[in-house]
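The values are calculated or read from the model by the stated rules, or taken from the named source; none is laboratory data. None of the values given here were measured: they were computed from a predicted structure. Cβ sites come from the backbone with ideal geometry, for glycine too, and all protein chains shown count toward neighbours. Just the protein is used for accessible areas: all its heavy atoms, side chains included, with ligands, DNA and RNA removed. Shrake-Rupley method; radii C 1.70, N 1.55, O 1.52, S 1.80 Å.
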Amino acid sequence: MLQQLLHDFGYFALFLGTFFEGETVLVLAGFLAFRGYLDINLVVLTAFFGSYAGDQLWYYLGRLKGRSLLQRKPHWQAMGDKALNHIRRHPDIWVLSFRFVYGLRTVMPVAIGLSGYPPLRYLLLNGLGAAVWAAALGWAAYHFGAVLETILGDIKRYELWVLGALLVLGVGLWIHRSLRAKRNSRDASQKPG
């Protein structure tokens with residue numbers, strides 16, 4: 001059942017997950033590849049395309065409507081201003097590495113687009129950054145499964161526990177981000193203007 005479900009929808013779910021955010025979904029997919037439910041090469045390729053497409057979309061939205069996008073969410077505004085400062089000092093480094101910095105995945109491409117960063121240069125460097133991110137995180141999660149098997153022995157007995165723990169971790173991170181974003185929005189709206 002699980003194998004058929006992953007075969008039918010696993011790569012599509014991975015694409016959507018990496019299009020919108022990514023880290024937890026990619027770690028889970030890497031572990032599932034280690035267990036033989038998915039192919040690690042297709043996991044890395046799918047994660048690359050999902051991440052690349054999502055970041056390209058946010059970049060172009062930043063170029064077209066960057067300021068209004070950031071103003072809709074007060075915590076994005078503060079993070080966007082911080083991101084713009086980073087981009088002005090070291091633009092290429094940030095284009096290559098923003099997806100490795102926790103909490104900047106969505107805001108940074110908007111800020112990069114808003115900054116006037118050249119589209120062709122972004123297309124190329126964002127692709128390189130997405131490829132490194134997908135390969136590094138996907139293969140690290142794959143090898144994490146091997147380490148767990150070395151420590152625990154027959155990991156098949158613990159497979160559902162490990163998958164459950166990864167899902168709980170992912171949901172926990174999502175809840176933490178949501179609560180922090182709401183708190184930041186509330187704090188920003190209470191500051192005297």
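Some notes on this structure:
- 10 Å-binned pair-distance histogram of region 1-130 (Cα, whole percent): 13, 41, 27, 15, 4, 0
- Potential lengthening between Ile175 and Lys82 on full extension [0.36 nm per residue; Cα-Cα distance subtracted]: 31.2 nm
- Note on Asp39 and Ile93: the model spin-label points, each 7 Å out from Cα along the C-beta direction, lie 3.9 nm apart.
- Computed with every protein chain present, the accessible area of Ile40 is close to 20 Å² [probe 1.4 Å].
- Solvent-accessible area per residue, Å², over region 1-130 with all protein chains present [probe radius 1.4 Å]: 49
- Here region 1-105 exposes an accessible surface that is 67 percent carbon and sulfur, computed with a 1.4 Å probe and the other protein chains kept in place.
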